[in-house]
Structures are given as structure tokens and as C-alpha cells.
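First the structure, in the form of C-alpha cells, and then the observations on it.
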Amino acid sequence: MSEIQKVAVVTGAGSGIGRAVALTLADAGWAVALAGRREPALRETAGLAGNSTAALPVPCDVTRPERVDALFATVRDHFGRLDLLFNNAGGFGPSVPLEELTYDEWRSVVDVNLTGAFLCAQGAFRLMKEQHPQGGRIINNGSISAHVPRPNSVAYTATKHAMTGLTKSLSLDGRAYGIACGQLDIGNAATEMTERMRTGVPQANGTTAVEPVMDAADVARTVLHMASLPLAANVQFATVMATAMPYIGRG
């Protein structure tokens with residue numbers, strides 16, 4: 001590995017935004033640890049990286065502390081350091097009325113979206129604090145749901161609001177160690193998770209409407225820009241969204 005090559009961990013790298021970001025980073029010369037629960041999907045992402053100098057699949061369930069510890073130990077042992085964590089793994093959960101959401105369904109969304117993000121941030125923080133030269137960057141995948149909810153999305157919305165608090169705390173606690181943390185709030189990137197946007201989704205006024213989407217590559221380019229800044233500069237919060245989606249003025 002080249003001494004100047006930077007190293008990233010991307011969670012949820014087996015599909016969607018995670019895959020797009022991982023491939024964009026690899027194309028820009030980064031070494032990328034591809035984390036996710038589905039090893040075949042991670043290997044497919046690695047294959048799509050083509051002649052990338054390093055795209056390492058590391059199966060990991062981010063809700064399990066021991067698996068997260070193993071992920072960052074693998075990164076340390078294989079690459080020697082970590083420059084970027086893209087904290088991306090997450091899920092929406094069932095879109096049902098609040099009173100019908102079960103405890104297990106609530107817990108599943110919280111475990112992945114919030115606890116998983118915390119565990120990965122903690123693992124990255126430990127490694128970035130201990131390495132030489134010290135420091136690195138964490139970019140959290142927020143959502144426009146960190147600002148305003150969709151109907152019947154209490155678990156997802158609550159975790160994405162909490163992600164903003166996680167981002168702010170990481171930014172503050174990382175200052176002394178050269179660890180920058182920012183959040184990218186994404187609206188309607190075209191992935192498996194947003195496929196339903198093309199057929200119609202519930203709106204705040206009680207109607208159902210098709211919503212425009214944008215290419216996930218546009219998200220990936222935004223992440224690359226944030227990641228490419230020197231650690232003395234940070235994009236604290238950014239929003240990238242399909243231009244015509246009903247966000248501004250939602251409700």
C-alpha cells in the first residue's frame with residue numbers, strides 16, 4: 001500500500017448509497033474496507049471496484065459490539081490506520097401507524113441506525129486517536145428525516161434526529177485529537193430502499209404521490225468532497241437531495 005493512500009471504512013457497503021460511496025472512494029485512490037452483513041454483496045462491491053488498489057470485504061453486523069471490534073481490528077492490522085468512517089448502515093423499518101409498531105420493530109431500527117452508528121464511531125474514534133499521525137474523519141449518514149418526518153416513520157425519524165446529536169458530540173469530543181465529524185442529510189437517492197418513491201408514497205396531507213429521485217452517485221461525490229478536505233476544515237452539516245422532491249415546504 002502506498003504511504004499516501006488513505007483508508008476508509010464504509011458500512012452498508014453491499015448496496016445502495018454505501019456501494020456508490022465505496023466505489024467512488026476506490027476510484028479516487030482510497031483503500032476501502034467494505035462492511036456489511038451480506039458477504040456475497042460485499043464481494044460484488046469489491047469486484048465492481050475493478051483495479052482498485054484495495055477493496056477489502058469485512059462482514060460485520062454493526063449491532064454486535066464484538067463484530068464491530070473485529071472490523072476495526074481488521075482495518076488496523078490490514079491497513080495500519082484509518083482516515084475515514086462513512087457511517088452509513090441503516091434501515092427504515094415498517095411504515096405503519098405508531099400504535100401498530102411493535103417493540104421488536106422499534107428496537108431493530110434503533111439497534112442498526114443509532115446503536116450501530118455509535119459502535120462504529122466509537123471503534124473509529126479509538127483507532128484514530130491511537131494512530132500516528134493522529135486524527136481522521138467521520139461522516140454520518142443522516143437523512144432529511146433528521147429535520148422533518150415522513151408519515152408513519154417514528155422509529156426512523158427518531159434515530160435520524162439522534163444521529164445529529166451523535167454528530168455534534170463526536171465533533172466536540174474529537175477536537176483535541178484531530179478527529180472531524182460531519183453529517184450528510186440525504187433525500188431520495190435512487191436505491192433499493194427508495195424504490196417505492198417511483199410508485200407513490202404517503203404525503204403529510206394524506207395523499208399518495210410519486211417523488212423524484214437522484215442518482216446515488218451524486219451522494220457519493222458529495223461524500224468524496226467532504227472526505228477530501230484537510231482535517232483543519234469540516235463540512236459540519238450538508239444536505240443533498242433530489243431537487244424537486246417535496247422537502248422544502250413538506251407538510
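Within region 126-154, work out how many residues are surrounded by fewer than 23 Cβ atoms within 10 Å (Cβ to Cβ) and small (Gly, Ala, Ser).
3
Cβ-Cβ distance below 8 Å, separation of 6 or more or different chains: which pairs start in region 47-62 with a residue that is at pLDDT 80 or above and end on one that is of a type in the set (Asp, Glu) and surrounded by fewer than 18 Cβ atoms within 10 Å (Cβ to Cβ)?
Ala49/Asp27; Pro57/Glu39; Pro59/Glu39
Does any residue of region 184-204 turn out to be buried (at least 19 other Cβ atoms within 10 Å of the Cβ) and modelled with pLDDT of 95 or more?
Checking region 184-204: at least one residue is buried (at least 19 other Cβ atoms within 10 Å of the Cβ) and modelled with pLDDT of 95 or more.
Residues of region 203-226 being outside any helix (DSSP H, G or I), closer than 30 Å to Ala31 by Cα and charged (D, E, K, R), which ones?
Asp215
Looking at Leu85, Leu71 in this structure, which one is under 20 Å from Asn234 (Cβ atoms), in contact (Cβ under 8 Å) with a residue 24 or more places away in the chain and in contact with a Cys (Cβ under 8 Å, 6 or more places away or on another chain)?
The conditions single out Leu85.
Out of (1) free of Cβ contacts under 8 Å to residues at least 24 places away in the same chain; (2) over 23 Å from Val96 (Cα atoms); (3) surrounded by 15 or more Cβ atoms within 10 Å (Cβ to Cβ); (4) not aromatic (Phe, Trp, Tyr), the odd one out for Ser169 is which?
(3)
Can you tell me how many residues within region 122-146 are within 17 Å of Asp69 (Cβ to Cβ) and in contact (Cβ under 8 Å) with a residue 60 or more places away in the chain?
The total comes to 1.
If a residue must be part of a helix (DSSP H, G or I) and either charged (D, E, K, R) or farther than 17 Å from Asn141 by Cβ (or both), how many such residues does region 185-202 contain? Give the derivation first.
As a first pass, look at region 185-202 and keep what is part of a helix (DSSP H, G or I): 192-198.
Narrowing further to those that are either charged (D, E, K, R) or farther than 17 Å from Asn141 by Cβ (or both): 192, 195-198.
Adding up the residues that qualify gives 5.
Arg19 versus (1) closer than 16 Å to Asn140 by Cα; (2) over 17 Å from the mean Cα position of the chain (by Cα): which is the lone unmet condition?
(2)
Of the conditions (1) in contact with a helix residue (DSSP H, G or I) (Cβ under 6 Å, 6 or more places away or on another chain); (2) farther than 23 Å from Thr239 by Cβ, Val96 clears all except one; give me its number.
Only one criterion in (1) in contact with a helix residue (DSSP H, G or I) (Cβ under 6 Å, 6 or more places away or on another chain); (2) farther than 23 Å from Thr239 by Cβ is unmet by Val96, namely (1).
Can you tell me which residues in region 89-104 are at pLDDT 95 or above and closer than 21 Å to Gly116 by Cα?
Of everything in region 89-104, those that are at pLDDT 95 or above and closer than 21 Å to Gly116 by Cα turn out to be Leu101, Thr102, Tyr103, Asp104.
For region 1-15: of the residues being surrounded by fewer than 20 Cβ atoms within 10 Å (Cβ to Cβ) and touching a residue at least 40 places away in the same chain (Cβ under 8 Å), which is nearest to Asp215 (Cα to Cα)? I'd like the intermediate steps shown before the answer.
Step one: list which residues in region 1-15 are surrounded by fewer than 20 Cβ atoms within 10 Å (Cβ to Cβ), which gives 1-5, 15.
Applying the additional criterion that residues be touching a residue at least 40 places away in the same chain (Cβ under 8 Å) yields 1-2, 5, 15.
On the way: Met1: 31, Ser2: 31, Gln5: 27, Ser15: 13 Å.
Within region 1-15, the match that is nearest to Asp215 (Cα to Cα) is Ser15.
Determine the pairs where a residue that is in contact (Cβ under 8 Å) with a residue 60 or more places away in the chain, located within region 211-231, has a partner that is in a helix (DSSP H, G or I) and polar (S, T, N, Q) with Cβ atoms under 8 Å apart, the partner being 6 or more residues away or on another chain.
Close Cβ pairs (under 8 Å, with a partner that is in a helix (DSSP H, G or I) and polar (S, T, N, Q)) amount to Ala217/Thr24; Ala220/Thr24; Arg221/Thr24; Val223/Thr24; Leu224/Thr24.
The values are calculated or read from the model by the stated rules, or taken from the named source; none is laboratory data. This is a predicted model, so every value here is computed, not measured. Cβ: placed from backbone, ideal geometry, glycine included. Neighbour counts: every protein chain shown.
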